[in-house]
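All remarks here apply to the structure that follows.
Derivation of every value follows stated rules applied to the coordinates shown; laboratory data play no part. Because the structure is a prediction, the values reported are computed rather than measured. Note: ideal-geometry Cβ built from the backbone for every residue, glycine included; neighbour counts use all protein chains shown.
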């Protein structure tokens, strides 16, 4: 049984495929050269996609809440037939989107994604520092400082 990790995204712009023998609306392509999108592509300006591709929850039960949030917060869109990317070997749905079980493939503009990652990292660092500060205060209130604990660990391990 396939999982979302099993779907590889093909960059149709850099791939070579026969447009006459292919039917993108049915997820059928006749390739002479396939180019898969890889993480290292984001390092190369010449081939860097303008988007980051992510699977998001697609559930009617919650009125597609996560999908709608990503649309509004991250300027994300569902990947559709004609977007120059294809999650092999999925067949698009009637609306042209690529869905697998309760997930839909979305694209987020690269610059928006990088900003989100930077904000997440800053928030993580702030929370980590707050937790570390609280731990240090608690340890000190019980008569131990972090330096003392580190010294004890070093002596016990023999470093």
Measure off 7 Å from each Cα along the Cα-to-Cβ vector at residue 101 and residue 46, then give the distance between these two points in nanometres to one decimal. 3.9 nm
Options [x] 24, 21, 14; [y] 46, 20, 15; [z] 53, 15, 10 - which one matches semi-axes √(5λ) of the Cα gyration tensor in Å as calculated here: [y]
Throw me the Rg/Rh for the range 69-113, computed over C-alpha atoms with Kirkwood Rh, two decimals. 0.98
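How large is the helix-only mean residue ellipticity at 222 nm for the chain, computed as the sum of -39500 (n - 2.57) over DSSP H runs with n ≥ 4, divided by its residue count, in deg cm²/dmol to the nearest 500? Could the numbers behind the result be given before it?
Details: 3 runs with 54 residues, N = 159.
Calculated mean residue ellipticity at 222 nm is -11500 deg cm²/dmol.
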For the pair residue 117/residue 66, report the inter-label distance in nm, with labels modelled 7 Å from Cα in the Cβ direction. 2.0 nm
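Can you tell me the FRET efficiency between residue 138 and residue 57 if r is taken as the Cβ-Cβ distance and R0 is 30 Å, rounded to the nearest 0.05?
Values: r = 38 Å, r/R0 = 1.27.
Given R0 = 30 Å and the Cβ-Cβ separation, E is 0.20.
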